[in-house]
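The values are calculated or read from the model by the stated rules, or taken from the named source; none is laboratory data. Keep in mind the model is a prediction, meaning the values are calculated, not measured. Counting neighbours? That spans all protein chains shown, and the Cβs are built from the backbone with ideal geometry, glycine included.
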Amino acid sequence: MSDGPQKTPKKAPTFAAQIGAKAARKRRARRNATPDVWFGLGMMGLIGWSVVVPTLLGAAIGLWLDRRHPGTRSWTLALLMAGLAIGCVNAWHWVAKEGRAMREDQEDSHE
């Protein structure tokens, strides 16, 4: 007796294929999503902390140096300014990196 054509069982997708499909789904979701208020606030916080932390570290080290080695020059002011400069460069780096990522996402969505 023949039961008709036998069906071959479907192969389960490989682990790599499943990961690839999930990654593609995430990219599509990010591309189609509009940045919301929380994204903007998070980015502001990230940029703010990237400036604040080096500035405060410079001020703290400057205060410590002024107490240890008093002199005519203020280590606090010098290192505060150095920390601020480092923080601004750090923030500029983050903004440029996010800008590049956004442009790449837009280019990917147009292909």
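In the stretch 62-111, how many residues are within 30 Å of Gly40 (Cα to Cα) and in a helix (DSSP H, G or I)?
The initial filter retains those residues of the stretch 62-111 that are within 30 Å of Gly40 (Cα to Cα), namely 80-111.
So of that shortlist, the ones also in a helix (DSSP H, G or I) come out as 80-110.
Looking only at that region, the number is 31.
Name the pairs: first residue in the stretch 66-77 and over 20 Å from Leu56 (Cα atoms), second residue in a helix (DSSP H, G or I), Cβ to Cβ under 6 Å, at least 6 apart or on different chains?
Going by the 6 Å Cβ cut-off, there are no qualifying pairs.
It is to be established whether one or more residues within the stretch 30-39 are out of contact with any Ser or Thr (no Cβ under 6 Å at 6 or more places or on another chain), at pLDDT below 90 and more than 25 Å from Glu107 (Cβ to Cβ).
Here is the first cut: in the stretch 30-39, the residues out of contact with any Ser or Thr (no Cβ under 6 Å at 6 or more places or on another chain) are 30, 32-39.
Subset that is at pLDDT below 90: 30, 32-39.
Going one step further and asking which of them are more than 25 Å from Glu107 (Cβ to Cβ), we end up with 37-38.
Yes: the stretch 30-39 contains one or more residues that are out of contact with any Ser or Thr (no Cβ under 6 Å at 6 or more places or on another chain), at pLDDT below 90 and more than 25 Å from Glu107 (Cβ to Cβ).
Only one of (1) free of Cβ contacts under 8 Å to residues at least 60 places away in the same chain; (2) under 17 Å from the mean Cα position of the chain (by Cα); (3) surrounded by 11 or more Cβ atoms within 10 Å (Cβ to Cβ) fails for Lys26. Which number is that?
The single condition Lys26 does not satisfy is (3).
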